[in-house]
Amino acid sequence: MVYLSDRALEGLKEYKYKPGGYTILDVIHNPFWEWLTSRMPMWLAPNLITLIGLIGIMLSYLASALYFPDFTGDESAPRWLHLLNALAIVVYVNLDCIDGKQARRTRSSSPLGQLFDHGCDALSVHLLVSNAQVALASPCGPASAILSSLVMMTWLLAHLEEYHTGQLMYSNGWLGVLEANYSLALLSFSSFLFGEQMWNTPLSSIAPFLPGDLLDGYVLRHVFFLASYMGCAALMCPQTIRILAGPTPSPLLSNAERGNKDIAWGSRIQQLLSLVGLLVLGAWWMAEDRKQLALGQCRMASNTFGISYSLVASQLIMTHMAKEPFYPFPWAYLFVGMGALNSTLHIVNGWLCAAVLCAVTVAAYLHYVSTVVVQVCQHLNISCFVIKPYHQASS
């Protein structure tokens, strides 16, 4: 089974990466990234740099799942785990910012590099939000479900905007990818220093000068949730406006870059609603009452949702690069929808349902990613993790 048609593979040839929206923090880091790139060996493939960073995030996620199977643990859980999560974020985001520089330095830039880079970013969003839940000692529930959905939607909107305009905006000028990742690293580091139970501190004890009824039932964790919701809204609102109110077609898209995309205004509405639909289903499932959940059930539900999101996000990236119409995989919705429906109707055992859906979703994701990478490598005559000599790759 293949996912990319011959027309889609030919469309990769016209792909042009147009980043934008850098922040002050990006500018400050750039000299360091240039220096770090210059120290990398010339044989080191850019995709391998990306993969090394992602493996660090995956290992920290697995360690967190071991000690915090449902995102919460007891006092016996080691604090060094939060330090590991913080360091994994810092390493990942900085490696993620030099893989493109290494590609230009080694003259190995290709559409595969962008696909691999942004595909890993899509997966890391799910993993990083899950580790943030661990740092906050926040189990499955409405607050965590909303946070996951908003962060994913912010990421999806950026790439849906790129699909229609050809430009990927990293930030609103003040808040962007780097700031968000460092905030998550600081969150985990705070839990390393003071323990994750610090986030259960009642706000009434922090601000006793405020009326007690106003803060009753709220803890420090809710401050982080509120700040995160506001940060996502600050990014999502202008993204949505640019997608819906922007000219059709965008003047940034040449005829060659437009290709066979479906970029009519009605299609923008349809694509936007389809992405919202997936996130609503996932939030519905993750908001299930944790008192009814068996050990590990919450984690498997979250993973099914996160991997389904990563699958649709990777497809969105691929269709933009190949200049094809974007129709999300229906089975991604099916997996998450079945879990959400069962969480309400309790048709079958919840733990078994979550386990089966999680396994099937991971298998479907791995099949899609591996197949697409092989197709692109064969079509462009390149290797994913090895730099071919320039004349050989060009031929």
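The values are calculated or read from the model by the stated rules, or taken from the named source; none is laboratory data. In this text the structure is predicted, and so the values were computed from the model without any measurement. Reconstructed Cβ throughout: ideal geometry from the backbone, glycine too, with neighbour counts over all protein chains shown. We work out accessible area using only protein heavy atoms, side chains counted, and drop any ligands, DNA or RNA first. Shrake-Rupley method; radii C 1.70, N 1.55, O 1.52, S 1.80 Å.
Numbers for the structure displayed
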item	result
Residue with peak Gaussian network fluctuation, the chain [Cα springs, cutoff 10 Å], from Met42, Met318, Met58	Met42
5 angstrom amide H check on Val219, placed H, neighbours 5+ away	Leu203
Tensor-based shape of region 239-395 (alpha-carbon gyration tensor, a/c under 1.5 rounded, otherwise prolate or oblate)	oblate
Euclidean distance of C-alpha centroids, region 298-339 and region 5-66, integer Å	21 Å
Solvent accessible area, Å² - Thr201, 1.4 Å probe, full protein context	50 Å²
In sequence order, calculated HN-Hα J values of region 102-107 (Karplus, 6.51, -1.76, 1.60; Hz; x Gly/Pro)	5, 5, 5, 5, 9, 6
Most positive-pole-ward Cα, Ala65, Gly53, Ile206, against dipole of region 6-380 from beta carbon charges	Gly53
Global form of the chain, assessed from the alpha-carbon gyration tensor, a/c cut-off 1.5	prolate
Student exercise, region 6-380 dipole from Lys, Arg, Asp, Glu Cβ charges, in Debye to nearest 20	720 debye
Exposure ranking of Tyr333, Tyr61, Tyr309, Tyr17 by accessible area [1.4 Å probe, largest first]	Tyr17, Tyr333, Tyr61, Tyr309
Estimated [θ] at 222 nm from DSSP helical runs (n ≥ 4, -39500 (n - 2.57)) normalised by residues in the chain, nearest 500	-23000 deg cm²/dmol
Karplus-derived 3J(HN,Hα), 6.51/-1.76/1.60, for each residue of region 304-311, Hz, glycine and proline x	4, 4, x, 6, 4, 4, 4, 5
Summed side-chain charge close to Val177 - residues other than Val177 whose Cβ falls under 9 Å, Lys, Arg +1, Asp, Glu -1	-4
Residue among Gly337, Met152, Met286 farthest towards the positive dipole end of the chain, charges placed on Cβ	Met152
Helix 220-245 axis, angle to the chain major axis (alpha carbon atoms, nearest 10°)	30 degrees
Cysteines, the chain, no other Cys beta-carbon under 4.7 Å	Cys97, Cys120, Cys232, Cys237, Cys353, Cys358, Cys377, Cys384
Accessible surface of Arg104 - all protein chains present, 1.4 Å probe, nearest 10 Å²	150 Å²
Backbone HN-Hα couplings from phi across region 282-295 [Karplus 6.51/-1.76/1.60, Hz, Gly and Pro as x]	x, 5, 4, 5, 5, 7, 4, 4, 5, 5, 9, 9, 7, 4
Spatially near lysine pairs across the chain, Cα under 25 Å, sequence gap of 8 or more or different chains	15
Probe 1.4 Å, all protein chains present, accessible-area order of Thr23, Thr72, largest first	Thr72, Thr23
Whole-percent carbon and sulfur share, accessible surface of region 116-194, 1.4 Å	77 percent
C-alpha long axis of helix 350-380 to longest principal axis of the chain, angle in °	20 degrees
Protection proxy ranking of 184-192, 351-359, 3-11 - average other beta-carbon atoms within 10 Å, highest first	184-192, 351-359, 3-11
Order by protection proxy (mean Cβ within 10 Å, highest first), peptides 126-133, 257-264	126-133, 257-264
Between helix 177-194 and the chain: long-axis angle, C-alpha atoms, 0 to 90°, nearest 10	30 degrees
For the chain: relative contact order, % (alpha-carbon pairs under 8 angstrom, 6 or more apart)	25 percent
